[in-house]
1. Using 10 Å bins from zero, what percent of all Cα-Cα pairs in the chain falls into each bin?
2. Between E348 and S31, what is the label-to-label distance in nm when each label sits 7 Å out along the Cα-to-Cβ direction?
3. What is the sum of charges, Lys and Arg at +1 and Asp and Glu at -1, for the other residues whose Cβ falls under 15 Å from the Cβ of V326?
4. What does the charge dipole of region 197-284 about its Cα centre add up to, to the nearest 20 debye, if the Cβ of each Lys and Arg holds +1 and the Cβ of each Asp and Glu holds -1?
5. Which links in K121/K318; K62/K182; K185/K211; K62/K90; K186/K311 stretch past 21 Å when you go from one Cα to the other?
6. Among residues other than D41 whose Cβ falls under 14 Å from its Cβ, what is the net charge (Lys/Arg +1, Asp/Glu -1)?
7. What value, in deg cm²/dmol to 500, does the helix sum -39500 (n - 2.57) over DSSP H runs of n ≥ 4 give at 222 nm once divided by the residues of the chain?
8. Considering region 50-169, what Rg and Dmax in Å follow from its alpha-carbon atoms?
Amino acid sequence: MTSSVLVLPGDGIGPEITVEAVKVLNALNKSDNLDIVISEDLVGGAAYDVHGVPLTDQTMQKAKDADAILLGAVGGYKWESLDIAVRPEKGLLRLRSEMQLFANLRPAYLFAQLADSSTLKPEVVAGLDMLIVRELTGGIYFGQPRGIRTLENGERQGYNTYVYAEAEIKRIAHVAFNAAMKRGKKLTSVDKANVLEVTELWREIMDEVAKYYPEVELKHMYVDNAAMQLVLNPKQFDVIVTGNMFGDILSDQASMLTGSIGMLASASLDANNKGMYEPSHGSAPDIAGKNIANPLATILSAAMMLRYSLKREDLALKIENAVASVLDKGLRTGDIWSEGMTKVSTSEIGDAVVDCL
Ligand code: IPM
Ligand code: MG
């Protein structure tokens, strides 16, 4: 059966890295009867420049109609002074929110070949294989009320609201426990329950849901401690579940354990495993257009797409093995380069993955 994939390259390095992932998908179309039809559209600053909004209703509809979405990255200096309502990031947040992609899976997996690329000692990160499950459509990112208001004394005050309803916590808890069941059966729920009531409720619901998964060992950890433990002893973690903002921060931190943020893929799923797939990193405007960005996180995100939305575990593994082979050959983009390795460009490493499929 033919599946449709919408590619939204976005801004900065987005177009360069998604092209490489599309190369890989097209190659599988030919070699393995993948049978997907790829279409492309604008998101972020690229959409703003043409349409005056970071995501048009038409593109939103196309995203809803597609079987899966592959997104590059959004944002850049050029659009930083725009009103917050039309900033590139809003396009991405609208996609996540309207499609109810509440479960963001960010696997921090260290390819053994990259143990020397991390800024942490190889013995600290060698063998690292953890999964961050980040709630993606609630929390302080979306809570109302929000804004900047003027107080009686004339001073301005910025405010956001950190809210989670029980149902929102429950559904992400089930995703996390299910993921833990398929992995090492250890789940760490990260909160700030010593200070914030919203995460006190989060903790209570996690304990409730834990009763359905007696085989999973559940631990609670405050976010400040989790940040420390991630660099002190990252291998203690199997699955981490946390809210939107803590997950945003901890996943960037965890990415460095894998050698580079250029290695961290992600899947954002709804209740039916329909999803949007994107690298966890940003648009890196400083290196955009230079053909030096690392496309592997995007290529690995395409692998996650095959696994979760298109139900082709065989091809997901094929891509992951091809990435491992490319690393075996010593090919590295600048961000993961180390002494003795061959430095290659964005397109060269993409071609190499296709060759290794
Ligand atoms: C991410 C990004 C986004 C986020 C930005 C671009 C809105 O940092 O996917 O982690 O904060 O969620
Ligand atoms: Mg982020």
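1. 5, 24, 33, 26, 9, 1, 0
2. Between E348 and S31, the label points sit 2.1 nm apart.
3. -2
4. Numbers: 5 positive and 13 negative charges, 62 e Å.
Using only the charged Cβ atoms, the result is roughly 300 debye.
5. Details: K121/K318 30 Å; K62/K182 33 Å; K185/K211 14 Å; K62/K90 17 Å; K186/K311 25 Å.
Those over the limit are K121/K318; K62/K182; K186/K311.
6. Details: positive: K62, K64, R94; negative: D11, E40, D49, D57, D65.
Neighbour charge sum, excluding D41 itself: -2.
7. Working: 12 runs with 143 residues, N = 357.
My calculation for the chain gives -12500 deg cm²/dmol from helical runs alone.
8. Cα only, region 50-169: 19.2, 59 Å (Rg, Dmax).
The values are calculated or read from the model by the stated rules, or taken from the named source; none is laboratory data. Treat the numbers as computed from the prediction; the structure is a model and nothing was measured. Positions of Cβ are generated from backbone atoms using ideal geometry, with glycine treated the same way; all protein chains shown enter the neighbour counts. With ligands, DNA and RNA removed, areas are computed over all heavy atoms of the protein, side chains included. Shrake-Rupley method; radii C 1.70, N 1.55, O 1.52, S 1.80 Å.
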